[in-house]
Amino acid sequence: MPSIKETANPPTPLISICVCTYRRPEQLEHLLKMLDQQATKGLFRFSIVIVDNDARQSARSTVELWAERA
């Protein structure tokens, strides 16, 4: 008889991708598009953390648009 460990599905790992940016909204947009196309084949899930180091919040509009899609 198989043990519980042998029959239970392990949880899917969660990876956090941390991105620091400073006045590069076009590059951030490109990166987010590429991450959106990431094929995980069910092996892992991921979250994206954006750190905007610009006091003028140049990444804000890009991040807000992508957050709406999530």
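Annotation: amide H-H contacts under 5 Å for ILE50 (H modelled 1.01 Å from N, sequence separation of 5 or more, or interchain): VAL19.
Restricting to Cα pairs below 8 Å that are 6+ residues apart, what does the relative contact order work out to for the chain? Please round to a whole percent. Don't skip to the answer; put the middle values down first.
Working: 63 pairs, mean separation 30.1, N = 70.
Answer for the chain is 43 percent.
Legend: residues LEU32, LEU14, LEU43, sorted from most to least accessible area (1.4 Å probe; ligands, DNA and RNA excluded), read LEU43, LEU14, LEU32.
Computed with a 1.4 Å probe over protein heavy atoms only, the accessible surface of the chain comes to 84 Å² per residue. Taken one residue at a time, the phi angles of segment 9-19 give Karplus couplings (6.51, -1.76, 1.60, θ = phi - 60°) of 7, x, x, 6, x, 10, 10, 9, 9, 9, 10 Hz. Gly and Pro are set to x.
Roughly how tilted is helix 25-36, in degrees to the nearest 10 and between 0 and 90, from the longest Cα axis of the chain? Helix 25-36 sits roughly 20 degrees off the main axis of the chain.
With everything on Cα atoms, drop me the angle between helix 60-69 and the longest principal axis of the chain, reported from 0 to 90° to the nearest 10. Taking Cα atoms only, the helix is inclined about 40 degrees. From its DSSP helices (H runs of at least four residues, each -39,500 (n - 2.57)), the chain gives a residue-normalised ellipticity at 222 nm of -10500 deg cm²/dmol. Note that segment 50-57 has calculated 3J(HN,Hα) couplings of 9, 10, 9, 8, 9, 4, 7, 6 Hz, one per residue in order, obtained from phi through the Karplus relation 6.51 cos²θ - 1.76 cosθ + 1.60 (θ = phi - 60°); glycine and proline are x. Would you grab the residues whose amide H sits under 5 Å from the one on SER58? Only those 5+ places off in sequence or on another chain, please, with H modelled 1.01 Å from N. The list, which skips near neighbours in sequence, is ARG23.
The values are calculated or read from the model by the stated rules, or taken from the named source; none is laboratory data. What you see is a predicted model; the values in this text were computed from it and never measured. For the accessible areas, the whole protein counts, side chains as well, though only heavy atoms, and no ligand, DNA or RNA atoms are used. Shrake-Rupley method; radii C 1.70, N 1.55, O 1.52, S 1.80 Å.
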